[in-house]
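Trainee: Sending over a structure as structure tokens; questions will come in a sec.
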């Protein structure tokens with residue numbers, strides 16, 4: 001059921017494991033920044049980071065022998081890291097829209113809107 | 001320092017903060033001694049052995065963080081509940097009882113370093129459980145003090161006003177006190193004993209402490225960045241759901257090698273691997289709020305330490321934890337300096353930083369000021385340097401321990417097969433020793449940081465009070 005990592009793959013496991021989290025954070029950071037500043041080119045970088053995460057997960061899965069049941073862990077990580085920033089972004093929009101600027105135009109706070117979020121909030125406060 | 005202008009809870013909090021920082025200093029002193037004993041094993045041999053210095057180092061950390069948490073809760077209690085604390089005198093009595101108990105326990109650790117493993121030892125000297133070595137009488141005292149603390153919090157909120165933060169906080173304190181009981185009984189079966197012992201260690205650290213810190217962070221963000229209460233409360237609920245969702249069964253990564261059934265390998269590996277997802281997802285929230293608020297606060301040191309908390313938690317718990325959490329690799333890393341590397345960064349990043357931030361939030365109120373902005377008389381060099389040195393010191397120790405841990409898992413575990421020969425080969429290998437030397441260097445940098453931190457906490461903003469007074473007199 002459990003096949004330990006081979007000696008030659010130690011570094012690969014540590015490095016790919018670290019890259020999963022680092023690339024995941026970079027993806028989340030660029031994703032949020034792109035939406036916040038309405039800069040679509042940054043979204044390309046965000047998905048490029050997810051691409052690094054994708055490769056890192058597959059490398060980790062191969063080096064750590066994540067076969068059989070463990071394959072579900074690989075799938076869960078790939079789907080979880082992909083969707084989590086989307087979910088959290090939607091929650092951010094919903095919570096801020098209802099409390100910070102209740103009178104703001106909902107369209108301005110929706111993901112993908114051309115209006116930067118911080119600009120909307122600044123204008124509202126003025 | 002006169003504290004008459006503070007409310008009762010805040011005056012009590014100052015006492016807790018004072019002991020917390022004193023124990024933080026003790027933790028670093030005993031950490032330095034332990035580190036030196038790795039390099040010079042004969043140092044204080046027979047007088048103050050490594051097992052004792054390490055015990056005091058780790059227990060001081062657990063206790064100073066608890067003092068910091070309790071102090072922080074007392075600091076916010078009256079303001080959050082909008083009423084006076086119900087049992088303030090009881091709270092003060094509990095503080096002195098707890099502090100006396102801690103002092104006696106440490107003295108006994110230092111004075112009685114060896115003895116028989118019998119009931120007397122367990123009740124009055126050392127319970128023998130790593131990280132929670134306090135003898136049984138002290139355990140009972142700690143539980144009573146925690147119950148007093150819980151009573152004060154629950155009764156004060158009941159008498160005053162409940163909020164989302166107070167509700168989560170009160171329920172969390174039930175779990176905090178309740179889970180401690182799991183480490184208070186003895187079984188001769190080491191697997192069963194370890195099974196319950198991990199409930200205290202893991203569920204405290206990766207569940208109840210995380211939630212408590214979430215409450216403090218929520219309150220701290222309202223104070224420092226003026227974030228809307230509704231937003232921080234909503235996010236607190238989400239954080240609790242995410243943390244508990246992956247953190248409770250993440251407990252399984254401690255059950256890999258203690259003789260528990262094989263299914264724990266799957267449960268522990270699976271949920272541990274999912275534990276960083278909430279941390280990564282929270283990056284989105286941090287970016288969103290930073291964009292909305294432009295990070296303008298009224299207390300620069302507190303804000304800096306809150307940011308250090310966010311990064312430290314992410315790297316210490318997230319990156320360093322995930323690198324060796326799967327059982328396929330944990331087989332080789334478990335209990336080596338890898339764990340110490342992860343532990344140093346995670347405890348400092350996730351907990352020490354937030355307690356320091358909470359103390360910095362309290363300091364200007366203690367001195368009768370509104371905040372600690374950029375107009376400090378000395379430019380705030382002490383808090384900036386202590387922040388830099390403490391973070392650099394801990395990160396440096398983490399990397400040095402990582403190198404030693406990598407070598408240890410490679411030579412002792414994988415090549416040496418966890419034999420005595422493998423153990424000594426790893427311990428005497430140049431990479432291991434060099435890692436320990438660098439750990440010592442960065443430990444010294446950390447200790448310079450704590451000296452500056454204490455100095456700063458005792459003096460920050462003092463000159464400004466005199467300046468403001470002179471300006472007022474000049475205007476008059």
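Read-outs throughout are calculated quantities, based only on the coordinates presented, and are distinct from any laboratory measurement. Keep in mind that this is a model prediction, so the values were computed, not measured. So basically every Cβ, Gly included, is an ideal-geometry build from the backbone, and we count neighbours across all protein chains shown.
Trainee: How are the Cα pair distances of segment B:174-245 distributed, in percent, across 5 Å bins from 0?
Mentor: 3, 16, 20, 17, 14, 11, 8, 6, 4, 2, 0
Trainee: At 4 °C and 1.567 mPa s, what whole-number value in µm²/s does Stokes-Einstein give for the translational diffusion of segment B:121-255, with Rh from the Kirkwood sum over Cα pairs?
Mentor: 79 µm²/s
Trainee: Right, here's the next one. How big, on average over all directions, is the shadow cast by the Cα convex hull of segment B:302-409, in nm²?
Mentor: The orientation-averaged projected area of the Cα hull of segment B:302-409 comes to 7.0 nm².
Trainee: At residue B:174 and residue B:415, where each label point lies 7 Å from the Cα along Cα→Cβ, what is the point-to-point distance in nanometres?
Mentor: Roughly 5.4 nm, to one decimal.
Trainee: Among B:223, A:39, rank each residue by its count of other Cβ atoms within 10 Å, from fewest to most, as a rough exposure measure.
Mentor: Final ranking by Cβ density, sparse to dense: A:39, B:223.
Trainee: Among B:66, A:73, rank each residue by its count of other Cβ atoms within 10 Å, from fewest to most, as a rough exposure measure.
Mentor: Final ranking by Cβ density, sparse to dense: A:73, B:66.
Trainee: For the protein assembly as shown, count all C-alpha to C-alpha pairs, find those more than 44 Å apart, and express that count as a whole percent of the total.
Mentor: 19 percent
Trainee: Against the empirical 2.2 N^0.38 Å scaling, what ratio does the C-alpha Rg of chain B come to?
Mentor: For chain B, the normalised Cα radius of gyration comes out at 0.98.
Trainee: For segment B:285-355, state the semi-axes of the equivalent ellipsoid (square roots of 5 times the eigenvalues of the alpha-carbon gyration tensor), sorted largest first and rounded to whole angstrom.
Mentor: The equivalent ellipsoid of segment B:285-355 has semi-axes of 31, 14, 5 Å.
Trainee: Hey, any idea what the orientation-averaged projected area of the convex hull of segment B:331-472's Cα atoms comes to, in nm²?
Mentor: Hull-based average projected area comes out at 9.4 nm².
Trainee: Rounded to the nearest angstrom and ordered from largest down, what semi-axes does the equivalent ellipsoid of segment A:1-103 get from its C-alpha gyration tensor (root of 5λ)?
Mentor: Taking √(5λ) for each Cα gyration eigenvalue gives 34, 15, 9 Å.
Trainee: Divide by every residue of the protein assembly as shown the summed helix terms, -39500 (n - 2.57) for each DSSP H run of at least 4, and state the resulting mean residue ellipticity at 222 nm, rounded to the nearest 500 deg cm²/dmol.
Mentor: Numbers: 24 runs with 432 residues, N = 602.
Here the helix-only value at 222 nm equals -24500 deg cm²/dmol.
Trainee: Report the Rg/Rh value for segment B:1-162, based on alpha-carbon coordinates and the Kirkwood definition of Rh.
Mentor: Working: Rg = 18.1 Å, Rh = 17.1 Å.
Ratio of gyration radius to Kirkwood radius: 1.06.
Trainee: Give me the compactness ratio for segment B:74-148, meaning the Cα radius of gyration over 2.2 N^0.38 Å.
Mentor: It is 1.40.
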